[in-house]
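Shown next, in structure tokens, is the structure this report addresses.
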Amino acid sequence: MSKRLTGHIRQRENGLWEGQYIYEREHRSIYGKTREGVAQQLAEIITSIEEGNYIRPNPHTLLSWLREWHNTYAKPTLRPSTFTNYEMTIEKHFNTRLGRVKLKNVSTRMLQNFFNEKLVSGRADRKSGGLSAKTFDDRKRALMEQM
């Protein structure tokens, strides 16, 4: 008989509730405003671990994921010039506030605001004006391939 996974819940000094569990010998925590909410999340996580369908939360920011995609997944399939072009795009256009957002928190609204801003004042060479329609489409296509 296998040992049933458990976790525990405590209230932190800041008033939030913390649920802790162990996954692959690593202590993990979840947080919430109510004990009941954390207990429900913890039960769902433990059940998914026991059933073998748990997916570890993604620690990537948008920028770190774009870099990983670029170097790990895209490099073998791209021509050298395209690889270099994508690299410049990632570093010049996504090494921004948006690039520091956790990937799980990136919303379509954030992306649309980013694209709108690039159309108005998105030149990486710091000249006035936005990206040309072709450059904009290229950058948007590159991002969509990576997501």
ask   = Given the rule -39500 (n - 2.57) for each run of at least 4 DSSP H residues, summed and divided by the residues of the chain, what is its mean residue ellipticity at 222 nm, to the nearest 500 deg cm²/dmol?
value = -14500 deg cm²/dmol
query = How far is helix 133-146 tilted off the main Cα axis of the chain, in degrees rounded to 10, range 0 to 90?
reply = 30
ask   = Quick one: what do you get for the range 61-147 if you divide its Cα Rg by 2.2 N^0.38 Å?
value = 1.05
request  = Any chance you could list P(r) for the chain, counting all Cα-Cα pairs in 10 angstrom bins from zero, rounded to whole %?
outcome  = 10, 29, 24, 18, 16, 3, 0
ask   = Relative to the Cα centre, what is the charge dipole magnitude of the range 30-129, using +1 at the beta carbon of each Lys and Arg, -1 at the beta carbon of each Asp and Glu, and rounding to the nearest 20 debye?
value = 600
inquiry  = To test your reading of the geometry: what angle, between 0 and 90 degrees and rounded to tens, separates the Cα axis of helix 35-51 from the longest principal axis of the chain?
reply    = 80
inquiry  = Rolling a 1.4 angstrom probe over the protein chains, ignoring ligands and nucleic acids, what is the accessible area of Ile55 in square angstrom, nearest 10?
reply    = 140
request  = Distance between Cα centroids, the range 1-59 to the range 103-131: provide it in whole Å.
outcome  = 37
task = Can you run the Rg to Rh ratio on the range 88-128? Use alpha carbon positions and the Kirkwood inverse-distance Rh.
result = 0.98
message = Rolling a 1.4 Å sphere over the protein heavy atoms, what is the accessible area per residue of the range 45-147, to the nearest Å²?
response = 66
request  = Choose one of Asn95, Ile55, Pro76: the residue whose Cα lies farthest towards the positive end of the charge dipole of the range 15-147 (beta-carbon charges +1 Lys, Arg; -1 Asp, Glu; about the Cα centre).
outcome  = Asn95
query = How large, in percent, is the carbon and sulfur part of the accessible surface of the range 57-147 at a probe radius of 1.4 Å?
reply = 51
key: Acute angle (nearest 10 degrees) that the helix 80-93 long axis makes with the longest principal axis of the chain, alpha-carbon atoms   = 70
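The values are calculated or read from the model by the stated rules, or taken from the named source; none is laboratory data. Note that this is a predicted model, so its numbers are computed, not measured. Virtual Cβ from ideal backbone geometry, glycine too; neighbours counted across all protein chains shown. To get the accessible areas, we keep the full protein, side chains included, count just its heavy atoms, and leave off ligands, DNA and RNA. Shrake-Rupley method; radii C 1.70, N 1.55, O 1.52, S 1.80 Å.
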